[in-house]
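Asks: Provided herewith is a single structure, encoded as structure tokens, for subsequent inquiry.
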Amino acid sequence: MPGRSSSNSGSTGFISFSNIESALSSLKNFQNCINTWMDTASSVALDLVETQTEVSSEYSMDKAMVEFVMMDRELNHYVKAVQSMINHVKEERPENIPDLKLLVEKKFLALQNKNSDADFQNNEKFVQFKQQLEELKKQYGLQADRGAEGTEGVDEDMIVTQSQTNFICPITQLEMKKPVKNKVCGHIYEEEAIVRMIESKHKRKKKACCPKIGCSHTDVRMSDLVQEEALRRAIESHHKKKHRESE
């Protein structure tokens with residue numbers, strides 16, 4: 001049994017969890033790998049939309065993201081189960097060493113039995129992936145199903161013109177280069193401008209209000225900001241198109 005000494009006394013005082021805790025640390029590092037894979041899949045999916053590649057390729061990225069979320073959830077549950085077992089033994093200090101593997105399995109299965117579709121909505125990277133995918137489709141005038149009626153003959157210039165107002169930062173009133181989205185209220189700003197505003201307010205011991213007129217969010221924090229990759233791509237695409245037309 002991992003962590004049990006060679007002593008046959010059966011006392012829990014001889015249990016060392018150092019090896020188990022070291023293994024948990026490695027599992028947590030693997031979670032970082034999953035996050036990296038999710039970022040890569042998200043970037044590839046946005047590339048596919050941008051180049052208007054076949055929807056089957058885009059769908060494969062969607063499936064990959066679902067697999068990564070499930071993998072991350074299962075890993076989280078296993079880490080929690082092991083941690084629960086360690087805490088239980090340390091707190092209870094039973095006279096005889098319990099079946100540690102069985103304790104972990106029971107806790108893990110209990111957590112797995114609570115799995116639901118709502119878990120996907122609680123995964124920040126998955127939610128961001130879906131939102132950015134839909135946003136980029138809107139910027140290009142694409143439907144979720146490219147074969148749907150009404151997608152043919154769409155005036156791209158009209159779509160870009162309509163969306164250009166989204167390119168302007170509410171702080172600088174200039175076109176954004178590196179837009180970030182506020183997870184709380186959904187408004188978008190130039191990253192440098194909003195970061196500078198938050199830092200300035202915090203130095204004066206004040207809260208930073210969302211600069212979008214009419215927004216009720218009165219405490220914008222750095223942790224609220226996420227990269228708005230879809231809009232950044234749309235802005236770049238718009239500039240590339242203008243450059244091609246001017247040549």
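The values are calculated or read from the model by the stated rules, or taken from the named source; none is laboratory data. The shown structure was predicted, so the numbers you read here are calculated from the model rather than taken from an experiment. Methodologically, a virtual Cβ is constructed for each residue, glycine included, from the backbone with ideal geometry; neighbour enumeration extends over all protein chains shown. Note: accessible area is taken over every heavy atom of the protein model, side chains too, but ligands, DNA and RNA are not part of it. Shrake-Rupley method; radii C 1.70, N 1.55, O 1.52, S 1.80 Å.
Asks: Using unit Cβ charges (K, R positive; D, E negative) and no other charged atoms, how large, in debye to the nearest 20, is the dipole of the range 168-207 about its Cα centre?
Replies: Taking the Cα centre of the range 168-207 as origin, the dipole is about 400 debye.
Asks: Could you compute the net charge surrounding Ile171? Neighbours are other residues with a C-beta less than 11 Å from the C-beta of Ile171; K and R count +1, D and E count -1.
Replies: -1
Asks: Just subtract the alpha-carbon distance of Ala118 and Lys207 from 0.36 nm times their residue separation and send over the number in nm, one decimal.
Replies: My answer for the length gained is 28.8 nm.
Asks: I've got another one for you. At 1.4 Å probe size, what's the solvent-accessible area of His243? Round to the nearest 10 Å².
Replies: For His243, solvent-accessible area is about 110 Å².
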